[in-house]
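Here the structure is laid out as structure tokens; the discussion comes afterwards.
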Ligand code: ZN
């Protein structure tokens, strides 16, 4: 099966549509979504509709998804995130709210595990270090776990010498993982990348070949920024889309 894996869409419809168009070309059969469908950007309901309207999709909740429907306290977020979340909360339709509230914290599948932050702390952990990777190993049983939340694509695994590897994911090049070992793949962010590349980021996962490949899609950033200005969303959130930071 060829899966398209996405995370941190953050109400950025143009970025999501660009990724979906690429997935179509790549003959993707099913979508795995790691949450933060909303927050920051100007099109929360449209992004929820895109995801909920997919025929084959499995999705977990992200911190912004839960906060926007009152399932998580906003005191955890910085001022700009709170401003965008407060705006998002007002905009969400009943249908979108109901969908976001039903999202699970974790998808514990037979071949893969899905979490927004980490298998250990699915909603909140920023998994950045090799030590955190090691601490997370007891919390998933599958050869691969997909995460997001940091908005930076990366792969964590233990190599044949037992050394933990913590590497950025290369663009467009398939990376194989060990079916006997455990790998964590951070798929980056569709709608607000922070690795210095402003293009939308996603991962293609081939479950038969046991490979993941990071892909990037250019999209119309300016039209998203224009909509954010019209909605009076924070300037910093508008500008960072252009830098990918
Ligand atoms: Zn996020």
### Message
Only one of 172, 181 is touching a residue at least 40 places away in the same chain (Cβ under 8 Å), surrounded by fewer than 15 Cβ atoms within 10 Å (Cβ to Cβ) and farther than 28 Å from residue 238 by Cβ. Can you tell me which?
### Response
172
### Task
Take the residues in region 141-156 that are within 28 Å of residue 20 (Cα to Cα) and more than 16 Å from the ligand (Cβ to nearest atom), then tell me which one is surrounded by the most Cβ atoms within 10 Å (Cβ to Cβ).
145
#### Entry: Qualifying residue in region 122-137 (condition: without any contact (Cβ under 8 Å) to a residue 60 or more places away in the chain, surrounded by 19 or more Cβ atoms within 10 Å (Cβ to Cβ), assigned to a loop (DSSP other than H, G, I, E, B) and within 16 Å of the ligand (Cβ to nearest atom))
yes
### Query
What is the number of the single condition among (1) in contact with a strand residue (DSSP E or B) (Cβ under 9 Å, 6 or more places away or on another chain); (2) in a loop (DSSP other than H, G, I, E, B); (3) more than 16 Å from the ligand (Cβ to nearest atom) that residue 162 does not meet?
(1)
#### Entry: Per-region count, region 176-217, residues part of a strand (DSSP E or B) and at pLDDT below 95
1
### Task
Please go through region 218-245 and pick out each residue that is more than 16 Å from residue 21 (Cβ to Cβ) and assigned to a loop (DSSP other than H, G, I, E, B).
231, 232, 233, 234, 244, 245
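A quick yes/no check of all residues on (1) within 16 Å of the ligand (Cβ to nearest atom); (2) within 16 Å of the chain's Cα centre (by Cα); (3) free of Cβ contacts under 8 Å to residues at least 24 places away in the same chain:
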| site | (1), (2), (3) |
| --- | --- |
| 1 | no, no, no |
| 8 | yes, yes, no |
| 11 | yes, yes, no |
| 16 | yes, yes, no |
| 34 | yes, yes, no |
| 47 | yes, yes, no |
| 52 | no, yes, no |
| 78 | yes, no, yes |
| 110 | no, no, no |
### Query
Would you pick out the residues in region 189-216 that are within 16 Å of the ligand (Cβ to nearest atom), more than 14 Å from residue 18 (Cβ to Cβ) and either in contact with a strand residue (DSSP E or B) (Cβ under 9 Å, 6 or more places away or on another chain) or without any contact (Cβ under 8 Å) to a residue 12 or more places away in the chain (or both)?
195, 203
### Query
Which of the residues spanning region 54-70 are away from the ligand (no atom under 12 Å from the Cβ) and farther than 17 Å from residue 91 by Cβ?
54, 55, 56, 57, 58, 59, 60
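The values are calculated or read from the model by the stated rules, or taken from the named source; none is laboratory data. This one's a predicted model, so the numbers in the text were calculated from it and none came from an experiment. Cβ coordinates were reconstructed from backbone atoms using ideal geometry, including for glycine residues, and neighbour counts include every protein chain displayed.
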